[in-house]
1. Which members of region 56-103 meet the condition of being of a type in the set (S, T, N, Q) and more than 18 Å from the chain's Cα centre (by Cα)?
2. Just to be sure I understand the filter: pairs with C-beta atoms under 8 Å, separated by 6 or more residues or on different chains, first member in region 248-272 and among the acidic types (Asp, Glu), second member assigned to a loop (DSSP other than H, G, I, E, B). Which pairs pass?
3. One residue is enough: does region 111-134 have a residue meeting the conditions surrounded by fewer than 22 Cβ atoms within 10 Å (Cβ to Cβ) and within 21 Å of residue 278 (Cα to Cα)?
4. Name the one entry in 302, 261 that is more than 27 Å from residue 338 (Cα to Cα) and assigned to a helix (DSSP H, G or I).
5. Just checking, does region 148-155 include any residue being over 23 Å from residue 275 (Cα atoms) and either touching a helix residue (DSSP H, G or I) at 6+ places or on another chain (Cβ under 8 Å) or modelled with pLDDT of 85 or more (or both)?
6. Just to check your reading of the model, which residue among 221, 228 is under 30 Å from residue 150 (Cα atoms) and buried (at least 19 other Cβ atoms within 10 Å of the Cβ)?
7. Output the number of the condition that residue 321 fails; it satisfies all remaining conditions of (1) closer than 14 Å to residue 302 by Cβ; (2) under 20 Å from the mean Cα position of the chain (by Cα).
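The values are calculated or read from the model by the stated rules, or taken from the named source; none is laboratory data. Just so we're clear, the structure is a prediction, and the values are computed from it rather than from any experiment. Virtual Cβ from ideal backbone geometry, glycine too; neighbours counted across all protein chains shown.
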Amino acid sequence: MTASDPPAATTAAPAAQVPLLLGSVFLVYLGQMTLNPVIAPLSRQVGLAEWQIGVTISTAAVMVVLTSQFWGRRSQSWGRKPVLVAALGLAVVAMGLFAVSAGLGMAGLVGGTTLFALFVVLRGIGFGAAIAAVPPTAQAYIADVTADEAARVKGMAGVGAVQGIAMVAGSVVGGVLSAFGLLTALVAVPVLLAAGLALIALRLRREPRHELIATPARVSPLDPRVWPFLLAGFGMFTALGFIQVITGFVVQDRLHLGAETTGLVTGGALLAAGLGMIVSQAVVVPRSGWTPPTLLRAGGATALAGFVLLVPDLGAAPLFAAVLLIGLGLGLAMPGYTAGPTLLMNREEQGGLAGLVGATSGLTFVVAPTLGTALYGVEPALPIVLGAVVMAVVVGFVLVHPRFRAVPEPAR
């Protein structure tokens with residue numbers, strides 16, 4: 001070791017903190033996914049229309065777009081712990097008040113425009129701003145501590161894998177708890193988030209001041225190193241956004257189920273998608289050694305097959321198989337989308353890039369859930385068909401654009 005080399009404890013410590021960061025991603029998405037199986041039957045029980053739930057989710061996406069780059073850069077200038085503590089604290093408050101509001105709506109004490117406004121402010125604005133902080137913080141950190149393509153792709157796949165695990169666990173938790181009443185699942189969400197807040201506040205170590213970057217670089221979405229990946233990711237998440245919010249409605253209407261049963265079966269469908277993501281990101285991605293462009297091509301084609309299978313009403317088994325394929329395909333493609341551009345950026349740009357990736361993903365959910373639920377009210381197959389068309393365009397784009405033919409070694 002030379003005089004200029006960092007001490008061994010300093011270089012080893014960041015890797016030891018990665019599981020805690022992945023744990024924070026897991027707990028935030030576990031809370032979100034616990035809510036997903038019950039949001040459709042909840043809306044009908046409290047008298048809100050499908051489009052109002054779409055607007056609520058789209059509002060959360062607006063907040064992700066508006067705040068992701070801020071959080072990504074602040075994770076480099078403030079440190080990861082202050083960002084995560086602030087975000088999880090906001091999430092606990094927002095979802096606690098959301099559960100109270102939903103309970104008042106179910107009791108008939110609040111309804112109509114007032115209840116809709118509470119849903120938008122709490123689940124949309126509050127939770128949307130909170131969840132925007134978590135993936136950019138984790139992704140920027142992983143990009144900062146990985147030095148080669150294989151390690152970085154594996155690290156980014158880890159972020160996606162814990163999201164998939166959260167989808168599985170949240171589907172199970174939300175579906176099972178909904179059998180005891182929808183309010184039970186709603187109350188579980190802030191409890192899970194509070195557990196995550198306690199974990200981060202008590203266990204995550206702050207970076208030494210010299211590891212922080214006072215003025216992280218801004219990254220333009222038009223940067224030629226970045227925009228092809230952003231466009232591919234935008235298409236993928238747009239296609240997903242068309243069907244994610246309507247899954248509960250599809251399950252209820254195609255299988256002719258009641259409210260509590262819908263929550264349980266929708267949880268099973270989301271479980272299938274989560275299992276697909278776990279298999280692809282925890283097994284296929286680390287063992288395949290595929291480059292980011294290859295992951296985008298293979299994943300996009302697999303997800304497209306799932307969208308096509310979901311279009312016709314073929315019964316329960318094909319519905320579950322289609323959702324499984326979509327989860328498997330997007331699980332393959334997501335590490336390619338998140339890791340690919342990081343290999344082209346300098347350290348000072350990683351926070352801004354992570355925020356930009358998060359903002360791009362969030363941007364797709366500004367329009368897609370509202371449009372998807374509106375189209376579902378016109379003709380149930382329309383949002384699924386539109387999602388399949390968008391996914392087909394993405395597959396064609398990543399096959400022909402020269403940026404996806406090779407990705408160089410990481411820039412430092």
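1. Scanning region 56-103 gives 75, 76, 77, 101.
2. 253/380; 260/179; 260/181
3. Scanning region 111-134 turns up no residue that is surrounded by fewer than 22 Cβ atoms within 10 Å (Cβ to Cβ) and within 21 Å of residue 278 (Cα to Cα).
4. 261
5. Among the residues of region 148-155, at least one is over 23 Å from residue 275 (Cα atoms) and either touching a helix residue (DSSP H, G or I) at 6+ places or on another chain (Cβ under 8 Å) or modelled with pLDDT of 85 or more (or both), which makes the answer yes.
6. 228
7. Result: residue 321 fails condition (2) only.
Results for (1) within 20 Å of residue 244 (Cβ to Cβ); (2) small (Gly, Ala, Ser); (3) free of Cβ contacts under 8 Å to residues at least 40 places away in the same chain, shown as yes or no for each residue.
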position	(1), (2), (3)
134	yes, no, no
146	no, no, no
155	no, yes, no
165	yes, no, no
